[in-house]
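These notes are about the structure you will find just below.
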Amino acid sequence: MFKVMFVLHLLFAIFAIGPLVHAVTTAGRGIRQGDAGATASAARMTQIYSYASILVIVFGFGLMSAKSPYSGKTVASFGETWIWLSALLWLVAAALALGIIVPGLKKATTLIGGGDSAKSIGGRVAACGGVVALIFVVIVVLMVYQPGS
């Protein structure tokens with residue numbers, strides 16, 4: 001069970017978090033270029049991959065509670081710093097993506113589609129995208145170094 005959970009956790013991390021980070025870090029480009037199609041696509045991708053990232057958490061918790069074939073003990077507990085901090089950071093990243101970036105991109109799509117400029121929204125979307133990317137970098141570091149375990 002450990003190896004199945006580990007594979008699923010890694011696959012969803014690669015195929016959900018990777019595209020999510022790409023979508024949020026490049027979302028500002030459509031606003032800068034005044035391309036409503038690009039901003040609509042970025043909003044849709046950010047929303048889909050934000051929700052898909054829930055599966056990374058689900059399989060991560062499954063992996064955490066599985067017995068390690070190497071030690072015979074459970075992999076980790078929620079009380080360990082790297083686990084709860086990673087979950088909290090993921091929650092912040094998902095909240096930024098779904099609460100600021102997606103609505104900003106949708107508003108930019110409406111403005112651009114109406115012939116108006118959306119450049120005032122671009123800075124907030126780009127900044128939040130950068131923060132989301134940095135959060136996921138910190139999560140990866142926590143997963144590798146596992147402080148508090």
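The values are calculated or read from the model by the stated rules, or taken from the named source; none is laboratory data. Please read all numbers here as calculations on a predicted model, not as lab measurements. Just so you know, the surface numbers come from the protein's heavy atoms only, side chains and all, with ligands and any DNA or RNA stripped out. Shrake-Rupley method; radii C 1.70, N 1.55, O 1.52, S 1.80 Å.
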Quiz prompt | Solvent accessible area, Å² - L88, 1.4 Å probe, full protein context | solution = 90
Exercise. With runs of 4+ DSSP H residues as the only contributors, calculate the mean residue ellipticity of the chain at 222 nm using -39,500 (n - 2.57) per run, divided by the residue total and rounded to the nearest 500.
Key: -24500 deg cm²/dmol
Quiz item: How far is helix 81-96 tilted off the main Cα axis of the chain, in degrees rounded to 10, range 0 to 90?
Solution: 20
Practice problem: Might you work out the accessible area of K106 for me, using a 1.4 Å probe with all protein chains in place, and round it to the nearest 10 Å²? | Solution: 100
Quiz prompt | Å² of accessible area per residue within the range 1-110, as computed with a 1.4 Å probe and no ligands counted | solution = 52
Quiz item: What's the carbon and sulfur percent of the range 1-102's accessible surface, probe 1.4 angstrom, rounded to a whole number?
Solution: 72
Exercise. Could you work out the relative contact order of the range 65-149, using alpha carbon pairs under 8 angstrom and six or more residues apart, expressed as a whole percent?
Key: 42
Quiz item: Tilt of helix 102-113 relative to the longest C-alpha principal axis of the chain, in degrees (0 to 90, nearest 10)?
Solution: 20
Quiz item: W84 accessible area, nearest 10 Å², 1.4 Å probe?
Solution: 100
Quiz item: If you average over every viewing direction, what projected area does the convex hull of the Cα atoms of the range 1-104 give, in nm²?
Solution: 6.7
Quiz item: Non-local amide H neighbours of T74 (under 5 Å, H modeled in plane, Pro and chain starts lacking H): which ones?
Solution: S68
